[in-house]
Each structure stands twice: as C-alpha cells, then as structure tokens.
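Where a number appears in this text, it was derived from the coordinates with a stated rule and is not lab data. Being a predicted model, the structure only gives us computed values, none of them experimental. Note that we place each Cβ from the backbone using ideal geometry, even for glycine, and neighbour counts take in every protein chain shown.
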Amino acid sequence: MKKYMGNSGFTLIEMMIVLLIISVLILIAIPNVTKHSKSIDEKGCAAYVKMVEGQIEAFKMDEKKLPISLEELTEKEYLPENPQCPNGSQLSISLDGKVEIADGTPSP
C-alpha cells in the first residue's frame with residue numbers, strides 16, 4: 001500500500017477542542033441575550049404606545065373628537081385587530097386621550 005505523505009487533516013483531538021471552544025462561547029452568549037429580552041419588550045411596548053398615541057392624534061384631526069376606545073380605532077382602520085404591546089400587555093385609552101398599559105401604567 002502506498003503511504004500518502006503531505007496529506008494533512010484535522011485530528012479528532014483538534015476537532016474536539018474546536019467544539020469545546022464553540023460550546024463555551026455559546027454558553028456565554030445565550031444568558032446575555034435572554035437577560036436583555038425583558039428590556040427589549042419594555043422598549044418595544046413604549047414604542048407601540050407612542051405609535052398608538054400618534055394614531056389617536058390622527059383620529060382626532062380627522063373626526064374632530066377623541067376616540068372612546070381602541071375598538072373604535074380598529075373599526076376605522078387606524079389600528080390593526082387586537083392592538084397590544086409586543087410583550088402581550090393590553091392597552092386602553094383614558095378619558096383625556098392618553099394610552100395606558102393594562103396594569104394602569106400611563107404611557108412613558
């Protein structure tokens with residue numbers, strides 16, 4: 001049989017070391033991503049509230065009155081069906097036209 005000289009490849013040990021390094025990097029990265037998901041949801045909700053407030057202003061300019069509820073904005077196609085924050089919080093409109101998150105928190 002012929003011996004092949006100069007053919008190099010990765011050994012099993014080298015492959016295992018690379019997999020170990022990749023695994024360690026993944027173990028470091030995943031907890032950092034999941035930690036920030038709450039702040040991402042909060043910022044997404046704040047942005048959605050601002051967008052809904054903008055739609056309330058557009059409704060007020062068009063109809064010359066404040067909307068009574070989010071359903072009225074949905075019926076007139078100012079908002080999509082079932083408007084809610086990305087984190088699942090429900091929204092409501094106060095009497096003065098401000099958007100509130102379901103837990104009673106006023107818009108930021």
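For the stretch 68-80, a tally of residues being under 16 Å from Ile101 (Cα atoms) and not in a loop (DSSP other than H, G, I, E, B) returns 2. Just checking, does the stretch 21-34 include any residue being more than 22 Å from the chain's Cα centre (by Cα) and not hydrophobic (A, V, I, L, M, F, W, C)? Yes, because at least one residue in the stretch 21-34 is more than 22 Å from the chain's Cα centre (by Cα) and not hydrophobic (A, V, I, L, M, F, W, C).
Give the residues of the stretch 81-100 that are part of a loop (DSSP other than H, G, I, E, B) and closer than 24 Å to Ser37 by Cα, sorted by residue number. It would help to see each step written out before you state the result.
As a first pass, look at the stretch 81-100 and keep what is part of a loop (DSSP other than H, G, I, E, B): 81-83, 85-89, 94-98.
If the condition is that a residue be part of a loop (DSSP other than H, G, I, E, B) and closer than 24 Å to Ser37 by Cα, then Asn82, Pro83, Cys85, Pro86, Asn87, Gly88, Ser89 are the ones that fit.
Residues that are β-branched (Val, Ile, Thr) and in contact with a helix residue (DSSP H, G or I) (Cβ under 8 Å, 6 or more places away or on another chain) within the stretch 39-81 comprise Val52, Ile56, listed in sequence order.
Here's the yes/no breakdown for (1) assigned to a helix (DSSP H, G or I); (2) in contact with a Ser or Thr (Cβ under 7 Å, 6 or more places away or on another chain); (3) more than 30 Å from Val99 (Cβ to Cβ):
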| position | (1), (2), (3) |
| --- | --- |
| Met16 | yes, no, yes |
| Ile22 | yes, no, yes |
| Thr34 | yes, no, no |
| Ala46 | yes, no, no |
| Leu66 | no, no, no |
